[in-house]
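Below is one structure, written out as structure tokens, with a few remarks after it.
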Amino acid sequence: MILAEDYESLLRNLGIEYFIQNIRFVPDLISWAREHNSALNEPGQLMKLVSAETELTMVIQSEIPEDTLDNLITSLGVRWSLKDNTADISKQLNSTKKRIVFSFLKEYARSRKDFDGDELHEDDWAIKAMDKLGFFRE
């Protein structure tokens, strides 16, 4: 089990970078979404970006099962093979920290209207944002 709050400082810094004013941890994102009538994009989603008037809040599941995070990366690998069938994207996302950052940026990318729900485009943007922020130089 991964405790998302162990990465709170990192997540808050990402929030500042992308104008997300609030980070909120919840025990179960599916239950939270149901209570707040907020649709999730996928069953294993770990984060949800919500807006309230002029503020953005990233709601994050506080305890993340490792296999859920692994499944997220496996799904990314399958989609990524459509773009580049020689690259193994999971090798770039080789730490829990990088996988959590990817999850955060992927959720942010979902909110961009110019991507029109194109998951591969969202994935590509998130990976490029991670590269720009220096996560692959660590």
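The values are calculated or read from the model by the stated rules, or taken from the named source; none is laboratory data. Everything quoted here is computed from the prediction, not taken from an experiment. For neighbour counting, all protein chains shown are included, and Cβ atoms are generated from backbone atoms with ideal geometry for every residue, glycine included. Note: accessible area is taken over every heavy atom of the protein model, side chains too, but ligands, DNA and RNA are not part of it. Shrake-Rupley method; radii C 1.70, N 1.55, O 1.52, S 1.80 Å.
Within the range 35-57, how many residues are touching a Phe, Trp or Tyr at 6+ places or on another chain (Cβ under 7 Å) and open to solvent by less than 30 Å² (accessible area, probe 1.4 Å)? Write out each step before concluding.
Within the range 35-57, the subset touching a Phe, Trp or Tyr at 6+ places or on another chain (Cβ under 7 Å) is 47, 49, 56.
Filter once more, keeping what is open to solvent by less than 30 Å² (accessible area, probe 1.4 Å): 47, 49.
The qualifying residues number 2.
For I89, state whether it is surrounded by 14 or more Cβ atoms within 10 Å (Cβ to Cβ) and within 22 Å of G15 (Cβ to Cβ). First the steps, then the outcome.
Values: surrounded by 14 or more Cβ atoms within 10 Å (Cβ to Cβ): yes; within 22 Å of G15 (Cβ to Cβ): no.
Answer is no for this residue.
Mind listing whichever residues of the range 58-73 are surrounded by 12 or more Cβ atoms within 10 Å (Cβ to Cβ) and either more than 12 Å from A4 (Cβ to Cβ) or among the β-branched types (V, I, T) (or both)? Steps first, answer last, please.
Going through the range 58-73, the residues surrounded by 12 or more Cβ atoms within 10 Å (Cβ to Cβ) turn out to be 58-65, 68-73.
The answer is V59, I60, I64, T68, D70, N71, L72, I73.
I'm trying to understand the selection: among the residues of the range 2-21, which are open to solvent by 50 Å² or more (accessible area, probe 1.4 Å), within 21 Å of R112 (Cβ to Cβ) and out of contact with any strand residue (DSSP E or B) (no Cβ under 8 Å at 6 or more places or on another chain)?
Of everything in the range 2-21, those that are open to solvent by 50 Å² or more (accessible area, probe 1.4 Å), within 21 Å of R112 (Cβ to Cβ) and out of contact with any strand residue (DSSP E or B) (no Cβ under 8 Å at 6 or more places or on another chain) turn out to be N13, I16, E17.
Let's see how each residue does on (1) assigned to a helix (DSSP H, G or I); (2) of a type outside the set (A, V, I, L, M); (3) modelled with pLDDT under 90:
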residue	(1), (2), (3)
L40	no, no, yes
V50	no, no, no
D67	yes, yes, no
L72	yes, no, yes
L76	yes, no, yes
R79	yes, yes, yes
K91	yes, yes, yes
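What's the number of the condition R24 fails, among (1) loosely packed, with under 15 Cβ neighbours inside 10 Å; (2) part of a helix (DSSP H, G or I)?
Exception for R24: condition (2).
Kindly indicate the residue of the range 95-111 that is touching a helix residue (DSSP H, G or I) at 6+ places or on another chain (Cβ under 9 Å) and open to solvent by 40 Å² or more (accessible area, probe 1.4 Å) and also farthest from L133 (Cα to Cα) among those meeting that condition.
R110
When the residues of the range 112-124 are narrowed to those that are in a helix (DSSP H, G or I) and open to solvent by less than 60 Å² (accessible area, probe 1.4 Å), which ends up nearest to L82 (Cα to Cα)? Before the answer, list the steps.
Initially, the range 112-124 is screened for residues in a helix (DSSP H, G or I), giving 113-115, 119-124.
When the remaining residues are screened for being open to solvent by less than 60 Å² (accessible area, probe 1.4 Å), the result is 115, 120, 122-124.
Numbers: F115: 17, L120: 8, E122: 14, D123: 12, D124: 12 Å.
Checking each candidate, the answer is L120.
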